[in-house]
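A.B. asks: Below you'll find the structure I mean.
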Amino acid sequence: MWPESSESPQPLRSGLTTGCCATACCVAAVQALLKQRRPDNVEVLLPRGKTVDLVIEGYEPVDGGISAGTIKDAGDDPDVTHGARVFVELRLVSNKGVSFKAAAGVGTVTREGLMLAVGEPAINPVPRKMMTEHLENAAYTYGYEGGFEVSVGIEKGDQIALKTMNPRLGILGGLSVLGTTGIVRPYSCAAYIASIHQGIDVARSNDIHHIAATTGSSSEAAIKDHYGLPEMALIEMGDFVGAVLKYLKKAPVSKLSICGGFGKLTKLANGHLDLNSRSSSIDFQHLAQLAAQAGADRELTDWIKTANTSVQVLKACQLKGIDLASVVCQTALLKARSIVPVDVELEIWAVDRQGDFVGNATEAAL
């Protein structure tokens, strides 16, 4: 028999944002241009004062300048850009200041509502500020009086972007360069949450007053078909219902429809705002209580407490004519209402594994 391990679980490893990687590339490239040095490692000062060290993965001459790259390490966060090569093409120009362009794999803004103007490369303000400060510091250090043109790229970024919400947000041709602290916290999924917020901003800026936040493709298709909603009104929130509800305090809309899988919504009904299994699980004791509210007898509620899946519970209740899904939706709606401003009309819809509606709740019916 093997002895039990006495080792405690290793803490999850933090990573670095795409903006931090691009800044490192700028630091390397400016040294190559102004000092004829090509360092293997460079230091980047993050917005909150911490210094990090990044490895530079090669230099290449480009028309009028030089390109430097680094491999993004997102730590233990499930970031779609983890392992991608981020690069910067840096050119010296006569006009003072720093201008930004999108190189291959970085998208361009095509819709109103984002932090950047239409036509701008999708490089967010904090990464721009980081790159600008590091380049201006290098110019001062090396006695350079001109300006810089920075083209940021991500290898295969156009393909990776298809796995994100960028096309729906109107960011076309590639990924966004993100980051507010330079650090990626494991499982914070900051980029995903930022996309949710951007989706709401884009909808509001384009006079869309009714948005639908969904947990996946089946729920999205169901609510889209039910209301005939445009793509811009659809917010793929995944597990991050809290990101939607809390953001509406800052950026309200007239109506929010939440549509999700039955199992996911049982978690919201139980007070959870992160619906991922790592953060919350289905509480069958609570589900039995809701089933009792819906009219389930003692035998059925006792069985629900020992059930294996929410699908089993839903089917058992449906066979007995008990509308558990709508009670779950009603309870979830009350939780959502405790967060969302009162001037936002709320409703909840539940779908099954086939994407068919199985329950709903509106405030008028409560």
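A.B. asks: For the range 101-198, which GluC sites (Glu not before Pro) are in a loop by DSSP, counting at most 16 other Cβ atoms within 10 Å? Walk me through the numbers on the way to the answer.
C.D. replies: Details: sites: 112, 133, 136, 145, 149, 155; in loops: 112, 145, 155.
The qualifying sites are 112, 145, 155.
A.B. asks: Could you work out [θ]222 nm for the chain from helices alone, using -39500 (n - 2.57) per DSSP H run of at least four and dividing by all its residues? Round to the nearest 500 deg cm²/dmol.
C.D. replies: When only DSSP H runs of four or more count, the value is -10500 deg cm²/dmol.
A.B. asks: With springs connecting C-alpha atoms under 10 Å apart, model the chain as a Gaussian network and identify which of 319, 300, 34 has the largest mean-square fluctuation.
C.D. replies: Result for the chain, Cα springs under 10 Å: 319 fluctuates most.
A.B. asks: Right, next: So which lysines can residue 320 reach, going by Cα to Cα under 28 Å and dropping same-chain residues fewer than 8 places off?
C.D. replies: Partners within reach: 264, 267, 305, 335.
A.B. asks: Below 13 angstrom from the Cβ of residue 218, what's the summed charge of the other residues (Lys, Arg +1; Asp, Glu -1)?
C.D. replies: On the way: positive: 224, 264, 353; negative: 220, 225, 236, 352, 356.
Local net charge: -2.
A.B. asks: Just to confirm, what accessible area per residue do you get for the chain at 1.4 Å probe, in whole Å²?
C.D. replies: Working: 17400 Å² over 366 residues.
Dividing the accessible area of the chain by its residue count gives 48 Å².
A.B. asks: Taking the range 221-308, which chymotrypsin sites (Phe, Trp or Tyr not before Pro) meet the DSSP loop condition and have no more than 12 other C-beta atoms within 10 Å? All intermediate terms of the calculation are to be shown ahead of the outcome.
C.D. replies: Values: sites: 227, 240, 247, 262, 284, 303; in loops: 240.
Within the range 221-308, no chymotrypsin sites (Phe, Trp or Tyr not before Pro) qualify (loop, at most 12 other Cβ atoms within 10 Å).
A.B. asks: Another one. Counting alpha carbon pairs within less than 8 Å and at least 6 residues apart, what relative contact order, in whole percent, applies to the chain?
C.D. replies: On the way: 768 pairs, mean separation 50.3, N = 366.
Result for the chain is 14 percent.
A.B. asks: Less than 14 Å Cβ to Cβ from residue 202, Lys/Arg counted +1 and Asp/Glu -1: what total charge do the surrounding residues give? Each step should come with its number before you reach the end.
C.D. replies: Details: positive: 111, 168, 204; negative: 112, 201, 207, 231, 236.
Overall, the nearby charge balance is -2.
A.B. asks: Sticking with this structure for a sec: Using a probe of 1.4 angstrom, how much of the accessible area of the range 294-348 is carbon and sulfur, in percent? The partial results should precede the final answer.
C.D. replies: Details: 1390 of 2730 Å².
Exposed carbon and sulfur together represent 51 percent of the surface.
A.B. asks: For a quick check of your reading of the filter: which trypsin sites (Lys or Arg not before Pro) in the range 16-95 sit in a DSSP loop and have no more than 16 other Cβ atoms within 10 Å? Numbers along the way, then the final one.
C.D. replies: Numbers: sites: 35, 37, 48, 50, 72, 85, 91; in loops: 35, 37, 48, 50, 72.
Sparse-neighbourhood loop trypsin sites (Lys or Arg not before Pro): 35, 37, 48, 50.
A.B. asks: Another question about this same structure. Do you know the relative contact order of the range 105-257, to the nearest whole percent, from alpha carbon pairs under 8 angstrom that are 6+ apart? Please list the in-between numbers first.
C.D. replies: Values: 208 pairs, mean separation 38.0, N = 153.
This gives 25 percent for the range 105-257.
A.B. asks: May I ask you to give the percent of accessible area on the range 178-269 that is carbon plus sulfur, with a probe radius of 1.4 Å? Mind showing how you got there, number by number?
C.D. replies: Values: 1680 of 3280 Å².
On the range 178-269, the fraction of accessible area on carbon and sulfur atoms equals 51 percent.
A.B. asks: In terms of Cα to Cα distance under 16 Å, which aspartates and glutamates are near enough to residue 250, apart from those fewer than 8 places away along the same chain?
C.D. replies: 201, 343, 345
A.B. asks: Same structure, new question: Among the lysines, which fall within straight-line cross-link reach of residue 156, defined as a Cα-Cα distance under 20 Å, with same-chain neighbours fewer than 8 residues apart omitted?
C.D. replies: Excluding near neighbours in sequence, the set is 72, 101.
A.B. asks: Ok, one more. Along the charge dipole of the range 8-160, pointing to its positive end and built from +1/-1 on Cβ of Lys, Arg, Asp and Glu, which listed residue (27, 70, 108) has its Cα farthest out?
C.D. replies: 27
A.B. asks: Would you kindly derive the ³J(HN,Hα) couplings of the range 28-34 from the backbone phi angles with the Karplus curve 6.51 cos²θ - 1.76 cosθ + 1.60 (θ = phi - 60°), listing them in order in whole Hz, with x for Gly and Pro?
C.D. replies: So the Karplus estimates, Gly and Pro as x, are 5, 5, 5, 5, 5, 7, 9 Hz.
The values are calculated or read from the model by the stated rules, or taken from the named source; none is laboratory data. Predicted model only: the values in this text are computed from it and were never measured. Every residue, glycine among them, receives a Cβ derived from its backbone with ideal geometry; neighbour counts consider all protein chains shown. These accessible areas exclude ligands, DNA and RNA; they are computed on the full protein's heavy atoms, side chains included. Shrake-Rupley method; radii C 1.70, N 1.55, O 1.52, S 1.80 Å.
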